[in-house]
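A.B. asks: First the structure, which I've put down as structure tokens, then a few questions once you've had a look.
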Amino acid sequence: TVTTKNGVQGDVNFFKTGLKQFGVIFLLAHGSYDANGGGITWVNTGEELVGTNDQNLAQLLVRFESDFNAQRISIGVFKETRGGQKRDVSAYKISNRFIEANYAANDFPSSLIYLCNCQSMKDPNREMAKTFERKGAGAVIGWTDNHTIGPHTGNLLFELLLCGKKLSDAKGALPRESRTELFNGTVADLSLYPDAAGELRLVAERRVTLNL
């Protein structure tokens, strides 16, 4: 069964309790890594804000002041094309500290989590990935910088996994242009965590011999 959550369906409350419902997560969202603000990896939710910057901040503090102070929730602003025009879109974003605070040790038992967002693995300490691992995840996949190919790469990767390949073999079978991208002067590489993640399979591999 595949469940899709779009836009406001992926709000803060969903990220707070809903992720653990799924054994495989394909997270398609904006994201960033803040090296200067505590080494935190952020992922935008689908809960957008439509006020001015001051109004949005005031709303954030009313709803999530303690989470904001603990660097668990903030506001992410990214450019998107809406109605044929590029504009800034604001939404609540959650950090690895948010995942740490809201999920228990085995909430993601042997789960596979694909963080398609930009910079999900830019943190040299891999804190977002480590957080999911501490909560039980068997494999976390992400990108070391900004990219545009993540959604397409994810589709190719999961096709290979559903054919029975283990994760390391599926990644290795991807074309080079689907594993690395030079974008705006930086190189984004597809990365796995932890080292044992490569052994994970979604389905058992089956082989048959055809006598033709």
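A.B. asks: I'd like the FRET efficiency for His152 and Asn211, computed as 1/(1 + (r/R0)^6) with the beta carbon distance as r and R0 of 41 Å, rounded to 0.05.
C.D. replies: Here the calculated transfer efficiency is 0.65.
A.B. asks: Taking the Cα centre of the chain as origin and charging only Cβ (+1 Lys, Arg; -1 Asp, Glu), how large is the dipole, in debye to the nearest 20? Don't jump to the answer; show the numbers that get you there.
C.D. replies: Working: 24 positive and 23 negative charges, 94 e Å.
Its charge dipole is roughly 440 debye.
A.B. asks: Is the C-alpha gyration tensor of region 108-188 telling us rounded, prolate or oblate? Criteria: a/c under 1.5 is rounded; beyond that, a/b larger than b/c is prolate, otherwise oblate.
C.D. replies: Here region 108-188 falls in the oblate category.
A.B. asks: Put a dot 7 Å past each Cα toward the Cβ at Glu100 and Leu174; how far apart are the dots in nm?
C.D. replies: So the two model labels end up 2.7 nm from each other.
A.B. asks: Calculate the tail of P(r) for region 1-116: the fraction of all Cα-Cα distances greater than 22 Å, expressed in %.
C.D. replies: On the way: 2275 of 6670 pairs.
Result: 34 percent of Cα pairs exceed 22 Å.
A.B. asks: Of the DSSP beta bridges with both residues in the chain, give the percent that are antiparallel, rounding to the nearest 5.
C.D. replies: Just about 80 percent of them are antiparallel.
A.B. asks: Just the accessible area for Thr4, please: 1.4 Å probe, Å², rounded to the nearest 10?
C.D. replies: Roll a 1.4 Å probe over it and Thr4 shows about 90 Å².
A.B. asks: Largest first and in whole Å, what are the equivalent-ellipsoid semi-axes of the chain based on the Cα gyration tensor, each being the root of 5 times an eigenvalue?
C.D. replies: Working through the eigenvalues yields semi-axes of 31, 19, 16 Å.
A.B. asks: Further, regarding this structure: I'd like to compare 136-148, 170-182: which one has the highest average count of other Cβ atoms within 10 Å, and what's the full order after that?
C.D. replies: So the peptides 136-148, 170-182, ranked by packing, come out 136-148, 170-182.
A.B. asks: Using just the helices of the chain, give the 222 nm mean residue ellipticity in deg cm²/dmol: DSSP H runs with n ≥ 4 each add -39,500 (n - 2.57), and the total is spread over all residues, rounded to 500.
C.D. replies: -8000 deg cm²/dmol
The values are calculated or read from the model by the stated rules, or taken from the named source; none is laboratory data. None of these values were measured; they are calculated from a predicted model. Methodologically, a virtual Cβ is constructed for each residue, glycine included, from the backbone with ideal geometry; neighbour enumeration extends over all protein chains shown. We work out accessible area using only protein heavy atoms, side chains counted, and drop any ligands, DNA or RNA first. Shrake-Rupley method; radii C 1.70, N 1.55, O 1.52, S 1.80 Å.
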